[in-house]
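Written out below as structure tokens is the structure these notes cover.
Just so it is clear, none of the values below were taken in a lab; they were calculated from the coordinates. Given the structure is predicted, the values throughout are model-derived calculations rather than measurements. Every residue, glycine among them, receives a Cβ derived from its backbone with ideal geometry; neighbour counts consider all protein chains shown.
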Amino acid sequence: MQSTIKFVAPFVVILFLLFPKVIIASEKEEAVIADAKLSPQTQACIGCHSLFTPGIVQDWLSSRHSKTTPSDALKKPALQRRVSADIFPDELSGYVVGCYECHSRNPEKHKDNFGHMGYRINVIVTPNDCKTCHPVEVKQFSESKKAHAIKNLMENPVYHTLVSTITGVKKIEKGKIISEKSSEETLHETCLGCHGTKVDVRGIKKVFTKMGEISVPDLTNWPNQGVGRENPDGSLGACTACHPRHGFLIEVARKPYTCGQCHHEPDVPAWNVYEESKHGNIYSSKGSTWDFSNVPWKIGQDFKTPTCATCHNSLLVSPDGNMIVERTHDFGSRLWVRLFGLIYSHPQPRSGNTTVIKNKDGLPLPTTFTGEVALEYTIDKSEQDKRLDKMHNVCTGCHSTDWVNGHFAKLESTIKEIDEMTLAATKLMEEAWGKGIEDKTNPFDEPVEQMWIRQWLFYSNSIRYASAMTGAPDYTTFKLGWGELTNNLINMRDMIDIKEENKRKTK
Amino acid sequence: MQSTIKFVAPFVVILFLLFPKVIIASEKEEAVIADAKLSPQTQACIGCHSLFTPGIVQDWLSSRHSKTTPSDALKKPALQRRVSADIFPDELSGYVVGCYECHSRNPEKHKDNFGHMGYRINVIVTPNDCKTCHPVEVKQFSESKKAHAIKNLMENPVYHTLVSTITGVKKIEKGKIISEKSSEETLHETCLGCHGTKVDVRGIKKVFTKMGEISVPDLTNWPNQGVGRENPDGSLGACTACHPRHGFLIEVARKPYTCGQCHHEPDVPAWNVYEESKHGNIYSSKGSTWDFSNVPWKIGQDFKTPTCATCHNSLLVSPDGNMIVERTHDFGSRLWVRLFGLIYSHPQPRSGNTTVIKNKDGLPLPTTFTGEVALEYTIDKSEQDKRLDKMHNVCTGCHSTDWVNGHFAKLESTIKEIDEMTLAATKLMEEAWGKGIEDKTNPFDEPVEQMWIRQWLFYSNSIRYASAMTGAPDYTTFKLGWGELTNNLINMRDMIDIKEENKRKTK
Amino acid sequence: MQSTIKFVAPFVVILFLLFPKVIIASEKEEAVIADAKLSPQTQACIGCHSLFTPGIVQDWLSSRHSKTTPSDALKKPALQRRVSADIFPDELSGYVVGCYECHSRNPEKHKDNFGHMGYRINVIVTPNDCKTCHPVEVKQFSESKKAHAIKNLMENPVYHTLVSTITGVKKIEKGKIISEKSSEETLHETCLGCHGTKVDVRGIKKVFTKMGEISVPDLTNWPNQGVGRENPDGSLGACTACHPRHGFLIEVARKPYTCGQCHHEPDVPAWNVYEESKHGNIYSSKGSTWDFSNVPWKIGQDFKTPTCATCHNSLLVSPDGNMIVERTHDFGSRLWVRLFGLIYSHPQPRSGNTTVIKNKDGLPLPTTFTGEVALEYTIDKSEQDKRLDKMHNVCTGCHSTDWVNGHFAKLESTIKEIDEMTLAATKLMEEAWGKGIEDKTNPFDEPVEQMWIRQWLFYSNSIRYASAMTGAPDYTTFKLGWGELTNNLINMRDMIDIKEENKRKTK
């Protein structure tokens, strides 16, 4: 420790030289930061980092964390409270939530903990660290499908095959396409960009920085903020996926762009459908005048139309404070049916870890290829009704009961029709497999198979999403909707015939 | 009536308990609502609905309707007036435009009128109701193509076949694709989402609400706000398509997101082309600082670049108040040529009801399949010139005459070239039909036919739109433009050859 | 001159009548314009144009030009200065930068100079005119690839063939597709809309305006603001491509919509990738509260996440004023590798004029069709390192060194993999050419060739862009990424086989 302090000495000087400037910056942010509220450790962090990574420091200055001590946060009435812990570690409660408060939590669990300028620092702040103040949110999240996003993708043999098929580099050998194993880098930039990477510690390495050479943990698959990231402390998830560093603004999480980063066309077109919907139109036209920071969030007063968070996550009350729906960080907990995720729609799975599922074909999938649901792994009718009721409650914040009933009846009809359309495509696919026109061993790596994928992964998802979100009729008709669904089905039929004829002739 | 009052009694209590809260909410909106200006009936509506659908009430509080009585609206100078009636029914003129004022109009015409808590209420407010204060706008709209949007689509045998082909659920029977009749629900979520549904009354039904069981009209194809909706009072259209409930803000109608809900890629890419244009760029960059509410709308002062409404609808004046162009709610009335709608461009039709047209092939289409225009149903040169002149006037609000001339000359060249490209694709199509490679009986349900559709419905439309809107060069080149137009034509040629050869071999 | 003055006389009267109104307008803009600061000539311009093109005048009133004299602009401290000249022509320095100040520069060089209401006016203000006050920016720009955007496209035989192939009108003659020469109008609306047109003067013509008939230069390919426009004074470029008339707001140039006009999917999806990235999400969520006008631009304080300009152009400083990176108008000068432009990635070319390049095949391309780089025309390792270092500096404004290193290592891996994927597609293409299945004479006009184009022009570009911009994982996976790259490669293989079989059978 002594030796580190020596090393730090010159920075302490810098710290004192710089600190006034930080305060100046914060005045520009119209924030009043009482010096006394910053822990001495955080003051040291800021001393250097306002020189070396000033953007982060400024972003933090714009956060609520930089202005609030946990003990102040607790003083709010229950519904307005943004922390869910009732008690905090002594060393935290009197200081605002600064660099050190977060980056020094649970060092014993953090394989990425390292000595840095005389302090023990974790590179990555994980859900297990955020849990100190936000335990309810972390618990809900940890049980959700999102927390298991890596495993649910990569340990599902069907999806894993799809991942490998599309992300492996291809070479041509004697005219044939040979696919290599997907690289870590490409997995990281594609599927795992959203699902999350496994961040592990390989050891310690030296990096050359503006401050000179320093030693830092050597992390795998870093940087990444995928929602199901596997962290060096063993925890699952990255809160920063939706609450980006270091402003952590609830406003950002509540705006649709955040969800839209991953929930984007063509496979999960939630953002695109929302943007074309009436709700999205009003949001785009008037949203800049609404209050996206208020807790609890008042329907009609703080905002006039929902964003993703309104329906799926946020604590909502009426303008006179009556509870409409409770906050949740289990993003499936208000959903009764799963519109995407695999081939056919199905009741939401019981567990956020979907690898435990076994369907009739013995695969860890919620339905068989022909649509039969693995009922013992999915929620039952009474749970479905309870969840539908929650969502119903959100809608009737603005719409009449009859209106909302009409909406959901239409959605139910669409789900049924789209599952039938998927079955039609699957039947053509089975014909192609049965006749040896394409080879089912890998069900995703030939032309007709690729057409079949589009049918359920792109077009069916789009139509179901648009139906669920009260409509984006142009999207549902031509963009990635019924027009493509029909066109692609017709083309599957034709391509099977052409390939069959070709096969016959070459014999 | 007596019996209803009894039923209502408990709500009267609630009303008195709640009303102060409503006023509190409106203070937050910085609106000063004098109690006296709300009709007693509207007070009763708000009493309950601020409890049961608070979002609607809050939205209405943000509207101009909630703050203005018709008689006040009349006091403005003519150009600033937002109502076009000169006189109002006595019972309306002294109250702000509240729930009851709109939802109780013309009850004798409304099949959807029902007894609700002691009042006779229409579920749907229709153009015929809005006409009370906005007669000029409703008349203009009622004669437009938009008001006839259902009929123009569904009673046009060519388009109707396209609608059926793409929206019917498909089944596979003995390896063949069999298409079922499109369901009401899917029509509603696709084509009729924008064009409008037929909302009829099947009778009265009971629904279970937060207030208990109530009786309401049993409506078909509801909820819907398609622009040509057929209403239970026999009127055509939904003002709410562009002026969404219950804020009715002119600001929303003037922003491009509203038009973009339906005028979206790939078939009507007005929004997408605008977004990529210079006008759209400046709007996105600076639009949040402009005044979208002012009437009349001052070029250069209220806004710096046009949105859709500027060119197609709004009353525009120069900063010193000189009229540039009059307001219109007939959205085609400034247009001389129809860029989309069918296969080839053509002069705008004379009537908003396009089903009256008969072309040389006897079809209700403005051109034949080879491009010959049904001249007696389309506007003549002199009317075209008059309309072009109006649009010219809008453009010269900011651009020099020579600039504008150059722009329109370019558009004319593009229209001509694109019609030639469409003709080329049609010739290939006719070859395929002539050789029996595909079957013209349904001209839309086979692979080459589907390629032909794309040619005129997606790519040709896109290029014409981009040309008309002063450019989105990337869109016109690669997105859905010349690149696709060429690629698809080449592929049509190849696919016809492949299918012909296959046909020959299987003989 | 006498005769012109006579002609102008009535306008002088109008001028005096109108001028007060202009001042009223400017008050609304909260700008205080001292009459004395407008040159007499500019006062005359405004006198008429506030009547005839009021939008332009209002837009100019919102500009910094309308409020600043060159001599005032010089008084700012060096880093805050928005002009790079040290001295100005006497006639300019005391007046704000009005109509006449810009439209009368260098008349002897302007073939588009003409007599207009008693003044000699240039229709087009060119980089050579802007150079009067902004010489450093113009010099940087003039040496960039952007300034040579027409030549680099149209004098590159490979790209020129692609341009002609897609933009020529096609006719069907005896069942064959015959392509005509691309029209000037269509070139203008497609490729040259972004790259720029050649604006030349054919003579003088009369136009009929609201003021009556006037004589103006007869310009070719006008209006156009393409970034590499060839101007009637011989200069290259249009500053208005990014600084649109007549507000010239730095705010617009710094917002991503400006770059997005041309850098849009599917071929150059910079905007689309940004929009889906974390940076883009935060920009969309919070950008409206940031300062896009400040010079120098303070990281973290003026803005929290980068836009295009941040990384590629702007002068950046830390909140306490330390230089992070200097301003540049050579848009490639912070780039070490060229991610798009031709088939394979390669080091940035040495000269902005890429037609000087000769690769091993003798073509003016930076790589051969199989990826070999023309090293003597591209920057060397040490220059690459210098540029990478600049970009590194921008990133470490907010991110740790290790984070940034991890990002760039991932990009490097992706570039390598994508070049391999392109090579695989090229090998299939060469098989098709070698077997006579398609004809290499024009390498872009047949179906498999069109598939090959997509491979490198759409999908490869998209993946490299997404990687470079810290990710848009959904884009990289399914939108135009690995999913399409794989699907299209598989389809190339299949289509070659089908066409080969067809060819064999027809023999």
With a Cα-only, solvent-free Debye model of the stretch B:428-507, what are the log10 I(q)/I(0) values at q = 0.13, 0.16, 0.23 Å⁻¹?
-0.46, -0.63, -0.97
Placing a label point 7 Å from Cα toward Cβ, how far apart in nm is A:Glu251 from its equivalents in the other copies, listed shortest first to one decimal?
1.6, 1.6
Interchain or sequence-distant (5+) residues whose placed amide H lies within less than 5 Å of the amide H of A:Asp218 are A:Arg202, A:Gly203, A:Ile204, A:Lys205
Packing-based exposure ordering (other Cβ within 10 Å, fewest first) of A:His134, B:His246
A:His134, B:His246
Pair-distance profile P(r), taking every C-alpha pair of chain A, with 10 angstrom steps and integer %:
4, 16, 25, 24, 17, 10, 4, 1, 0
In debye, nearest 20, what is the charge dipole magnitude of the stretch C:187-233 about its Cα centre with +1 on Lys and Arg Cβ and -1 on Asp and Glu Cβ, if you could check?
140
The ratio Rg/Rh over the Cα atoms of the stretch C:352-458, Rh being the Kirkwood inverse mean 1/r radius, stands at 1.09
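If eta is 1.567 mPa s and T is 4 °C, what Stokes-Einstein diffusion coefficient results for the stretch C:257-413, Kirkwood Rh from Cα pairs, in µm²/s?
Diffusion coefficient, whole number: 76 µm²/s.
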Determine the relative contact order of the stretch B:241-505: mean sequence separation of Cα pairs under 8 Å and six or more apart, normalised by residue count, in whole percent.
18
Using DSSP, restrict attention to beta bridges with both residues in the stretch C:241-505 and report what percent are antiparallel, rounded to the nearest 5.
65
Under the Karplus relation with 6.51, -1.76 and 1.60 and θ = phi - 60°, whole-Hz ³J(HN,Hα) for the stretch C:189-206, x at Gly and Pro, equal 7, 10, 4, 7, x, 8, 5, x, 9, 8, 9, 10, 10, 8, x, 10, 9, 9
Which residue, A:Phe444, A:Gly203, A:His160, has the largest displacement toward the positive end of the dipole of chain A when charges sit on each Cβ (Lys, Arg +1; Asp, Glu -1)?
A:Gly203
at A:Met211 the sorted inter-copy label distances (label 7 Å from Cα on Cβ side), in nanometres, are 6.5, 6.5
Let me check I've understood the local charge: for B:Asn353, count other residues with C-beta under 12 angstrom from its C-beta, Lys and Arg +1, Asp and Glu -1. What total comes out?
+2
Compute the label-point distances linking B:Glu430 to its equivalents in the other copies; points lie 7 Å from Cα along Cα→Cβ; give nm, one decimal, shortest first.
4.4, 4.5
Say the dipole of the protein assembly as shown comes from +1 at the beta carbon of Lys and Arg and -1 at that of Asp and Glu; which of C:Pro266, B:Val123, C:Pro223 then lies farthest toward its positive end?
B:Val123
Ranked on Cβ counts within 10 Å of their own Cβ, fewest leading, A:Phe444, B:Phe408 go B:Phe408, A:Phe444
By the scheme Lys and Arg +1, Asp and Glu -1, what is the net charge of all other residues having a beta-carbon under 12 Å from that of C:Ile498?
-2
Could you compute how fast the stretch B:46-115 diffuses translationally, taking Rh as the Kirkwood radius over C-alpha pairs and applying Stokes-Einstein at 4 °C with viscosity 1.567 mPa s? Give it in µm² per second.
94
Which percentage, to the nearest 5, of the DSSP beta bridges contained in chain C is antiparallel?
85
About the Cα centre, and with charges only on the beta carbon of Lys, Arg (+1) and Asp, Glu (-1), how big is the dipole of the stretch B:241-505? Nearest 20 debye, please.
460
7 Å from Cα along Cα→Cβ at both C:Ser293 and B:Glu326: what's the point-to-point distance in nm?
4.0
Label points 7 Å out from Cα along the Cβ direction at A:Glu383 and A:Glu430: separation in nm?
2.9
Taking R0 as 30 Å and r as the Cβ-Cβ distance between A:Lys37 and C:Lys75, the FRET efficiency 1/(1 + (r/R0)^6), rounded to the nearest 0.05, comes to 0.15
Hey, what do the phi angles of the stretch B:438-455 turn into as Karplus ³J(HN,Hα) couplings, whole Hz, using 6.51/-1.76/1.60 and θ = phi - 60°, x for Gly and Pro?
10, 10, 6, 3, 10, x, 10, 10, 10, x, 5, 4, 5, 5, 4, 3, 4, 4
What would the Debye equation give as log₁₀ I(q)/I(0) for the stretch A:241-505 at q = 0.13, 0.16 Å⁻¹, counting only Cα atoms as equal point scatterers?
-0.91, -1.26
Can you check what the net charge comes to around A:Val207, using other residues whose Cβ is under 10 Å from the Cβ of A:Val207 (Lys, Arg +1; Asp, Glu -1)?
-1
What ratio of Cα Rg to 2.2 N^0.38 Å holds for the stretch C:132-240?
1.33
Using θ = phi - 60° and the Karplus relation 6.51 cos²θ - 1.76 cosθ + 1.60, list the HN-Hα couplings for the stretch B:254-267 in order, rounded to whole Hz, with x at every Gly or Pro.
7, 7, x, 5, 5, 4, x, 4, 9, 8, 10, 4, x, 8
Estimated distance in nm for a label pair at C:Thr68 and A:Thr441, the labels positioned 7 Å out from Cα along Cα-to-Cβ
6.8
Antiparallel versus total DSSP beta bridges in the stretch B:132-240: what percent is that, nearest 5?
95
Place a label point 7 angstrom from the Cα of B:Glu251 along the Cα-to-Cβ direction, then list the residues of the stretch A:241-282 whose backbone nitrogen is under 18 Å away.
A:279-282
Amide H neighbours of C:Thr209 under 5 Å, counting only residues 5+ apart in sequence or on other chains, H built in-plane at 1.01 Å?
C:Ile214
Grab the beta carbon distance between B:Ala409 and A:Ser351, set R0 = 45 Å, and tell me the FRET efficiency rounded to 0.05.
0.10
For the protein assembly as shown, diffusion coefficient by Stokes-Einstein and Kirkwood Rh (Cα), 4 °C, 1.567 mPa s, µm²/s:
37
If amide hydrogens are placed 1.01 Å from N in the peptide plane, which non-local residues have theirs closer than 5 Å to the one on B:Ser183?
B:Val169
